[in-house]
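Asks: So that we are looking at the same thing, I have put the structure below in structure tokens.
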């Protein structure tokens, strides 16, 4: 799994170091000083709990806890000792990628340009053919979410979690409705948002 994650995130221009036990993990952490640690709880030697405490005591590094355990108490404990997020195995690679990008705030540029479409992240302004297009706050959030995760299939659940948060009373039709509205606002560029049968949507940039 570690090698698979290394291959995946390296393709996203993220430098990755692997540690297969607690002791080497701490050594690599001290030498490498990463921006983010994906931390398994059940490691040989020093366990993930102690490593999390060590990292948070000595740095401001972000931590995503990864574990096969699905106990709410484990999740609460991880967050209490400083973990920034939590994911249980088996997990979706797409969801993990979204979490990593969100924590690292990965945006290739402050301006996204595709043909005659441009979106300014800082100003939250969309222009098509130099005409400003009015977007609601949720439409802006969805467009940014698609751009930051272009060419990655996103489920309706991913969209609901990102736009409405984990605690919501909406069903998946809310995601479909929001995507439909955004496609209409994008006019001819609405085709950038493709449908992935049985999954959800993808912002596909060829």
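The values are calculated or read from the model by the stated rules, or taken from the named source; none is laboratory data. Not measured: the values here are computed from a predicted model. Heads up, the Cβs are rebuilt from the backbone with ideal geometry, glycines too, and the neighbour counts pull from every protein chain shown.
Asks: Would you tally the residues in the range 99-115 being at pLDDT 85 or above and either in a strand (DSSP E or B) or touching a strand residue (DSSP E or B) at 6+ places or on another chain (Cβ under 8 Å) (or both)?
Replies: 5
Asks: Going residue by residue through the range 195-202, is there one that turns out to be farther than 14 Å from residue 98 by Cα, without any contact (Cβ under 8 Å) to a residue 24 or more places away in the chain and touching a helix residue (DSSP H, G or I) at 6+ places or on another chain (Cβ under 6 Å)?
Replies: no
Asks: Same structure, new question: Provide a single number: the residues in the range 159-168 that are surrounded by 11 or more Cβ atoms within 10 Å (Cβ to Cβ) and outside any helix (DSSP H, G or I).
Replies: Of the residues in the range 159-168, 1 are surrounded by 11 or more Cβ atoms within 10 Å (Cβ to Cβ) and outside any helix (DSSP H, G or I).
Asks: Filtering the range 139-158 down to residues that are in a helix (DSSP H, G or I) and over 16 Å from residue 100 (Cα atoms), which residue is modelled with the lowest pLDDT?
Replies: It comes out as 157.
Asks: Just to be sure I understand the filter: pairs with C-beta atoms under 8 Å, separated by 6 or more residues or on different chains, first member in the range 58-82 and assigned by TED's automatic domain parsing to the domain that holds residue 100 and on the phi > 0 side of the Ramachandran plot, second member surrounded by fewer than 14 Cβ atoms within 10 Å (Cβ to Cβ) and modelled with pLDDT of 75 or more. Which pairs pass?
Replies: Cβ pairs passing all conditions: 82/53.
Asks: Still on this structure: Output the residue which, of all residues in the range 1-39 that are without any contact (Cβ under 8 Å) to a residue 12 or more places away in the chain, assigned to a helix (DSSP H, G or I) and surrounded by 15 or more Cβ atoms within 10 Å (Cβ to Cβ), is nearest to the chain's Cα centre (by Cα).
Replies: 28
Asks: Identify, please: which residue in the range 116-137 is touching a helix residue (DSSP H, G or I) at 6+ places or on another chain (Cβ under 7 Å) and part of a loop (DSSP other than H, G, I, E, B) and is, among those, surrounded by the most Cβ atoms within 10 Å (Cβ to Cβ)?
Replies: Taking the candidates together, the pick is 135.
Asks: Go over the candidates 84, 74, 70 one by one and state the one that is surrounded by fewer than 14 Cβ atoms within 10 Å (Cβ to Cβ) and modelled with pLDDT under 90.
Replies: 70
Asks: Given the conditions (1) at pLDDT 95 or above; (2) within 24 Å of residue 200 (Cα to Cα), report the number of the one that residue 128 does not fulfil.
Replies: So the condition that residue 128 fails would be (2).
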